[in-house]
1. Report, in listed order, any pair from Lys101/Lys189; Lys29/Lys178; Lys101/Lys205; Lys33/Lys168 with a Cα-Cα distance greater than 31 Å.
2. Which net charge results when you count Lys and Arg as +1 and Asp and Glu as -1 among the other residues whose beta-carbon is under 12 Å from that of Thr108?
3. How would Thr17, Thr108 line up by accessible area, probe 1.4 Å, largest first?
4. Once the whole set of protein chains is in place, how much accessible area is left on Ser23, using a 1.4 Å probe, in Å² to the nearest 10?
5. Which order do peptides 76-84, 113-121, 29-37 fall in by mean Cβ count within 10 Å, highest first?
6. Just to confirm a number: summing +1 for Lys and Arg and -1 for Asp and Glu over residues other than Leu201 whose beta-carbon lies under 10 angstrom from that of Leu201, what do you get?
7. Leaving out ligands, DNA and RNA but keeping every protein chain, what accessible area does His22 have, in Å² rounded to the nearest 10, with a 1.4 Å probe?
8. Against the longest principal axis of the chain, how steep is helix 15-32, in degrees 0 to 90 to the nearest 10, with axes from Cα atoms?
Amino acid sequence: MNTLPRELSGLNVSRETVDRLHSFVALFKKWAKAINLVAPSTLSEVWNRHIIDSVQIYALSPGPRQWVDLGSGGGFPGIVTGILLAGEGDGWVHLVESNNKKAAFLRTAILETGARASVHAIRIDEAPAAIERCDAISARALADLDLLMEFGFPWAERNPDLRFFLHKGRDYQREIDKALGRWRFDLVKHASIVEPDSVVLELSKLSRKPQ
């Protein structure tokens, strides 16, 4: 019988969602042997380092949302978010991944898990033209905070309630200080439940500072 790790025991998800997460992990491990989806050193800790790390994003903004996941790669957090949304029966994740092999993996993961998601095999700077609107943006191990704001700003202009949920490591304060040179934004720091020195940065009300 498939079960959730202890760290996720408080998450109110259906048996079907648990099964979908296990199916995704099995598929991920299979594909990771052929293409570089994550750092090889983390493959033995998929649940803790990747699934739980991804679930905490959804836990910060639960319920149906229109998400854009930038640089989706191995499906973290985007596919995991899509699986949790499948349990809601509403919401959607737009997975933006320009690498064709990784995009193929993401499409297979959607088919096998029923995740509420679609893949856009395009460059991130092309995505705002392909995806009109979203409520939330996620990104993990992708780029500096300043650049992530640049990527997301077209959607922020369309939706003043847009929120960013961004995984950041121990150097996050340097990235915040740099971003404050060009941007105005509200910020909430959420301590990571996986890495003691890491955070999830929740940003809102993004606007450019006059130059």
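The values are calculated or read from the model by the stated rules, or taken from the named source; none is laboratory data. What you are looking at is a predicted structure, and each value in this text was computed from that prediction instead of being measured. Quick reminder, even Gly has a Cβ in these numbers, built from the backbone with ideal geometry, and neighbours come from all protein chains shown. These area figures cover heavy atoms from the full protein model, side chains too; ligands, DNA and RNA do not enter into them. Shrake-Rupley method; radii C 1.70, N 1.55, O 1.52, S 1.80 Å.
1. Distance filter (> 31 Å) returns Lys101/Lys189; Lys29/Lys178; Lys101/Lys205.
2. Here the charged neighbours net out to +3.
3. Descending accessible area places them as Thr108, Thr17.
4. Its heavy atoms expose roughly 50 Å² to the probe.
5. Values: 76-84: 28.9, 113-121: 20.3, 29-37: 13.9.
Descending mean neighbour count gives 76-84, 113-121, 29-37.
6. Around Leu201, the charge tally is 0.
7. Here the accessible area works out near 50 Å².
8. The two axes meet at around 80 degrees.
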